[in-house]
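Peer 1: Okay, here's the structure, questions in a sec.
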Amino acid sequence: MKLSIGLLGCGTVGAGVVSLVRKRADKVEAMTGFRPIIKSILVRDTDKDRGVEFVDERLTTVPADILDDDDIQIVVETIGGIEPAKTYILKALMSGKHVVTANKDLIALHGPEILRTAVEHEVSVLYEAAVGGAIPLVGPLKENLTANEVTDLKGIINGTTNFILSEMTSKRIDFEAALQMAQDLGYAEADPSSDIDGLDAARKLVILSSIAFETEVHLQDVQVEGIRKVTATDVRYAEEAGYVIKLLAVGRDHGGELTLSVRPTLIPRSHPLAHVSDAYNALYVRGDAAGDLMFFGRGAGRMPTASAVVGDIIALVRNLRLGYVTSSPNISESVRKPVVEREDDCYKYYFRLTALDQPGVFAHIAQLYGESGASMETVLQKRVESGRAEIVVVTHEISSSRARLLAEKLADLPEVHEVNMVMPVESIAE
Ligand code: NAP
Ligand code: HSE
């Protein structure tokens with residue numbers, strides 16, 4: 001029996017979905033008795049070449065051709081952004097259609113409303129592709145690891161910034177040159193801000209934390225810092241001290257209190273996340289029963305993302321055969337775990353600063369570290385130009401508020417020209 005699907009958007013991901021649904025239709029029919037067919041596809045321009053052949057599919061610019069078509073049982077949204085995607089998804093759910101979406105921006109910002117609407121209308125919303133592209137993350141956190149209390153999420157969940165930092169490390173180029181390469185290869189968009197300023201990773205962390213920690217999480221709960229200020233010098237100094245720099249998303253549940261951050265972070269070379277290069281993503285999860293797990297793979301791209309979208313479509317088709325609604329991943333509103341800054345959530349910190357190259361300056365700076373309760377673990381000092389020295393210090397563990405205060409006090413010293421960079425250092429898993 002034919003099962004009709006409506007596809008909203010047919011760009012990078014949508015075109016991959018068209019070809020993969022067609023490729024797997026025989027298998028799904030043999031498995032379930034339902035043959036998935038993409039009946040209609042909503043786009044803005046029906047004449048555009050999309051690098052995919054259309055056979056049964058009809059291109060349209062009229063949303064009602066999908067949303068008001070009673071024959072269509074599953075709507076797949078690959079438009080992206082908030083509007084009109086949100087309106088279309090809500091309308092589909094209210095019309096009793098199941099929804100699959102790859103839209104992390106929408107799920108991170110409006111997930112609770114969308115999931116509530118799905119529950120009210122007894123339909124499903126699945127969004128495995130919204131985080132980590134091909135890597136199964138939503139499903140494992142929601143289903144396979146549900147017997148666990150998940151306490152830690154640590155991950156590289158933005159491919160563009162990982163590519164940029166990897167290029168800066170391996171080719172010793174600066175941020176601007178690596179960004180240009182990411183744009184030339186199609187990883188970074190013309191306006192790359194949401195990737196390089198950490199917002200894309202923060203949205204993904206909101207989605208993962210909501211599921212893993214079973215609570216509602218908001219974007220403003222995440223402490224976010226991007227990679228714009230990371231220089232080739234930082235990359236080189238980190239390397240000399242035994243680290244690589246990654247944009248690390250970290251979520252922790254400290255017995256009911258959450259800490260959430262996305263920040264450029266130094267990772268010891270012996271840590272498994274240090275070896276996640278190029279545009280790859282990885283997520284490290286700690287559960288009280290499962291212990292430590294690491295998920296790794298392609299976090300973006302046409303076919304990797306289509307793999308996750310079509311996996312969700314097949315899960316829905318299976319459930320339709322069995323006659324039940326897939327429970328949507330729980331973004332619970334009943335328990336709100338507070339997001340806090342904890343004094344006992346301590347890290348080592350990397351400081352790079354420029355100061356006058358004169359007798360007694362280093363002693364003065366070292367004294368400030370001592371007075372601030374920040375013990376120095378590694379110190380590097382280089383002369384960068386006449387009369388000015390660059391000083392890099394990696395401290396022993398201190399709280400983030402202490403690190404912030406120390407950076408402010410250092411910046412106030414008359415001998416200090418600038419505190420150029422402050423980054424936490426991730427430890428090897430305890
Ligand atoms: P994309 O290449 O820009 O494609 C967007 C598609 O939506 C285009 O076909 C466009 O139509 C259509 N569209 C946009 N606005 C529309 C409107 N108002 N009405 C009708 N159609 C409209 O985007 P993408 O990279 O495939 O990303 C899609 C979604 O997947 C996003 O939510 C993104 O975050 C998510 N995602 C992407 C990746 C990835 O690797 N690209 C990975 C994971 C998740 P036209 O072609 O006619 O302009
Ligand atoms: N812009 C994202 C990244 C891909 O670079 O990881 C889609 O999630």
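The values are calculated or read from the model by the stated rules, or taken from the named source; none is laboratory data. Model, not experiment: these values are computed from the prediction. Neighbour counts are summed over all protein chains in view; Cβ atoms, including those assigned to glycine, are modelled from backbone coordinates with ideal geometry. Remember, those area values only see protein heavy atoms, side chains included, never the ligands or the DNA or RNA. Shrake-Rupley method; radii C 1.70, N 1.55, O 1.52, S 1.80 Å.
Peer 1: Among (1) open to solvent by less than 60 Å² (accessible area, probe 1.4 Å); (2) within 16 Å of ligand 2 (Cβ to nearest atom), which single condition is Phe34 missing?
Peer 2: (2)
Peer 1: Determine which member of the set Glu122, Glu113, Glu83 is at positive phi and open to solvent by 50 Å² or more (accessible area, probe 1.4 Å). Full working, then the answer.
Peer 2: Numbers: Glu113 fails: at positive phi; Glu83 fails: at positive phi.
Exactly one of Glu122, Glu113, Glu83 is at positive phi and open to solvent by 50 Å² or more (accessible area, probe 1.4 Å), namely Glu122.
Peer 1: List, please: which pairs have Cβ atoms under 9 Å, are six or more places apart or on different chains, and start with a residue in segment 396-410 that is within 13 Å of Leu368 (Cβ to Cβ) and end with one that is open to solvent by 90 Å² or more (accessible area, probe 1.4 Å) and assigned to a helix (DSSP H, G or I)?
Peer 2: Going by the 9 Å Cβ cut-off, the qualifying pairs are Lys409/Glu371.
Peer 1: What pairs can you find where one residue is in segment 262-279 and without any contact (Cβ under 8 Å) to a residue 60 or more places away in the chain, the other is in a loop (DSSP other than H, G, I, E, B), and their Cβ atoms are less than 8 Å apart, with a gap of 6+ or different chains?
Peer 2: Hits for this filter: Arg269/Gly242.
Peer 1: How many residues does segment 76-87 hold that are free of Cβ contacts under 8 Å to residues at least 40 places away in the same chain and among the hydroxyl-bearing types (Ser, Thr, Tyr)? Give the derivation first.
Peer 2: Of segment 76-87, the ones free of Cβ contacts under 8 Å to residues at least 40 places away in the same chain are 81-84, 86-87.
Still in the running and among the hydroxyl-bearing types (Ser, Thr, Tyr): 87.
Of the residues in that region, 1 qualify.
Peer 1: Identify the single condition in (1) touching a strand residue (DSSP E or B) at 6+ places or on another chain (Cβ under 8 Å); (2) outside any loop (DSSP other than H, G, I, E, B); (3) not aromatic (Phe, Trp, Tyr) that Ile227 does not satisfy, given that it satisfies every other one.
Peer 2: Result: Ile227 passes all but (2).
Peer 1: So, in segment 277-307, of the ones that are part of a helix (DSSP H, G or I), open to solvent by 10 Å² or more (accessible area, probe 1.4 Å) and of a type outside the set (Ser, Thr, Tyr), which residue ends up farthest from ligand 1 (Cβ to nearest atom)?
Peer 2: Met303
Peer 1: Residue check: is Glu120 farther than 30 Å from Glu257 by Cβ and within 16 Å of ligand 1 (Cβ to nearest atom)?
Peer 2: Working: farther than 30 Å from Glu257 by Cβ: yes; within 16 Å of ligand 1 (Cβ to nearest atom): no.
Against the criterion (farther than 30 Å from Glu257 by Cβ and within 16 Å of ligand 1 (Cβ to nearest atom)), Glu120 does not qualify.
Peer 1: Can you spot a residue in segment 206-225 that is under 19 Å from Gly256 (Cβ atoms), open to solvent by less than 10 Å² (accessible area, probe 1.4 Å) and free of Cβ contacts under 8 Å to residues at least 60 places away in the same chain?
Peer 2: So far as segment 206-225 goes, yes, one or more of its residues are under 19 Å from Gly256 (Cβ atoms), open to solvent by less than 10 Å² (accessible area, probe 1.4 Å) and free of Cβ contacts under 8 Å to residues at least 60 places away in the same chain.
Peer 1: In segment 49-75, which residue that is free of Cβ contacts under 8 Å to residues at least 60 places away in the same chain and in a helix (DSSP H, G or I) is surrounded by the most Cβ atoms within 10 Å (Cβ to Cβ)?
Peer 2: Taking segment 49-75 first, the residues free of Cβ contacts under 8 Å to residues at least 60 places away in the same chain are 49-65, 68, 70.
Going one step further and asking which of them are in a helix (DSSP H, G or I), we end up with 64-65.
On the way: Ala64: 10, Asp65: 17.
Applying the filter and picking the extreme gives Asp65.
Peer 1: Would you mind finding the one in Lys171, Lys97, Lys91 that is under 20 Å from Leu316 (Cβ atoms) and open to solvent by 10 Å² or more (accessible area, probe 1.4 Å)? Before the answer, list the steps.
Peer 2: On the way: Lys171 fails: under 20 Å from Leu316 (Cβ atoms); Lys97 fails: open to solvent by 10 Å² or more (accessible area, probe 1.4 Å).
Every option except Lys91 fails the conditions.
Peer 1: Could I ask something else about it? What are the residues in segment 277-333 that are of a type in the set (A, V, I, L, M, F, W, C), within 16 Å of ligand 2 (Cβ to nearest atom) and at pLDDT 95 or above, if any? Even if it seems obvious, please write down each step before you answer.
Peer 2: Residues of segment 277-333 that are of a type in the set (A, V, I, L, M, F, W, C), as a first pass: 279, 282-283, 285, 289-290, 293-296, 300, 303, 306, 308-310, 313-317, 320, 322, 325, 331.
Filter once more, keeping what is within 16 Å of ligand 2 (Cβ to nearest atom): 279, 282-283, 295-296, 300, 303, 306, 308-309.
Ala282, Leu283, Phe295, Phe296, Met303, Ala306, Ala308, Val309 - these are the residues of segment 277-333 that are of a type in the set (A, V, I, L, M, F, W, C), within 16 Å of ligand 2 (Cβ to nearest atom) and at pLDDT 95 or above.
Peer 1: Which is at pLDDT 95 or above and open to solvent by 50 Å² or more (accessible area, probe 1.4 Å), of Thr78, Thr46? Walk me through how you get there before you give the answer.
Peer 2: Numbers: Thr78 fails: open to solvent by 50 Å² or more (accessible area, probe 1.4 Å).
Just a single option satisfies the conditions, and that option is Thr46.
Peer 1: Against the definition (aliphatic (A, V, I, L, M), without any contact (Cβ under 8 Å) to a residue 60 or more places away in the chain and within 16 Å of ligand 2 (Cβ to nearest atom)), how does Leu90 come out, yes or no? It would help to see each step written out before you state the result.
Peer 2: On the way: aliphatic (A, V, I, L, M): yes; without any contact (Cβ under 8 Å) to a residue 60 or more places away in the chain: yes; within 16 Å of ligand 2 (Cβ to nearest atom): no.
Against the criterion (aliphatic (A, V, I, L, M), without any contact (Cβ under 8 Å) to a residue 60 or more places away in the chain and within 16 Å of ligand 2 (Cβ to nearest atom)), Leu90 does not qualify.
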